[in-house]
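Worksheet for the structure shown next.
Please treat every number below as a calculation from the coordinates, not as lab data. Keep in mind the model is a prediction, meaning the values are calculated, not measured. So basically every Cβ, Gly included, is an ideal-geometry build from the backbone, and we count neighbours across all protein chains shown.
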Amino acid sequence: MADLPFDLDPGLSEQLARVLDVEGKIPRALEALGPVVGRDVVLVDGPDGIRARQLTELGARVALVSSGGAAPFDAPDGSADVIVAGWSAFRGAPDKELAQAERILRPGGRLLVLQDYGRDDVTTMCGDPPELHAWSKRDGPYLGRGFKIRVIHCFWTFPSIDEAGVFLADAFGDAGRTVHAGMTRPRITYNVAVFHRTFGGASEEEPA
């Protein structure tokens, strides 16, 4: 669940990988907020997924770790310049996981946490989880713990509206059919929040 906030059957996951953020806004944001090019990056819960491929293509030296199992966050102390996590880890910025980030990161290291921002077509199909609104508040678990937020306005872009309808119905049932009925272009909106924070010393100008 490191590339998306929900699980899909393998065939549907492969289809989604071809239509998700074809503009490449998410990897560009990771580079802008890291940066990640030429740096040691720990990717949490992302084996063989979209994010691992994108980080490698950018030129990051990627090490994969899991947030669960018998050895969560199994990375050496001070081994990373950047930690990238999405959806499954650092949900609500729990203190126990933030302590792991501080241990793994070198002084001035960056933690980048991708979560859904909401207020889009994808979140509508997923039931609009209430925690998304709390997470973006000034006194919420992220911004209240020193994170900043950057919102990326992405799309799922399909070859045609008809093909979008087939995929959305297969993946999300009636909720997907409802979104498809309102489509006027072969894409749907998807807003991603990147909560970002420096550990062990601030950079000269931390990105907003």
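If you filter region 126-208 for GluC sites (Glu not before Pro), then keep DSSP loop positions with at most 14 other Cβ within 10 Å, what is left?
Glu204, Glu205
Using amide H atoms built in the peptide plane, which far-off residues or other-chain residues are under 5 Å from Gly78 H to H?
So Gly78 has HN proximity to Ile104, Leu105.
From the Cα gyration tensor of region 1-82, with a ≥ b ≥ c the square roots of its eigenvalues, which class applies: rounded if a/c is under 1.5, or else prolate if a/b is larger than b/c, or else oblate?
oblate
Would you work out the Kirkwood radius for region 116-208? I mean one over the mean of 1/r across all pairs of different Cα atoms, in Å.
This gives a value of 15.0 Å.
Find the relative contact order for region 108-189 and round it to a whole percent, using C-alpha pairs within less than 8 Å whose residues are 6+ positions apart.
30
When a/c is below 1.5 the answer is rounded, else prolate if a/b is larger than b/c, else oblate, so apply that to region 1-143 with a ≥ b ≥ c taken from the square roots of the Cα gyration tensor eigenvalues.
In terms of gyration-tensor shape, oblate.
Pairs of alpha-carbon atoms within less than 8 angstrom and 6+ residues apart define the contacts here; what relative contact order does the chain have, in percent?
Averaging sequence separation for qualifying contacts and normalising by length gives 23 percent for the chain.
Assign one of three labels to region 93-167, namely rounded, prolate or oblate, based on the Cα gyration tensor with a ≥ b ≥ c the square roots of its eigenvalues; rounded applies when a/c is under 1.5, prolate when it is not and a/b is larger than b/c, and oblate otherwise.
Prolate.
Suppose every K and R has +1 on its Cβ and every D and E has -1 on its Cβ; what is the size of the dipole of the chain about the Cα centre, in Debye to the nearest 20?
560
What residue among Ser136, Thr56, Leu8 has its Cα farthest toward the positive end of the dipole of the chain, where the charges are +1 on Lys, Arg and -1 on Asp, Glu, each on the Cβ?
Ser136
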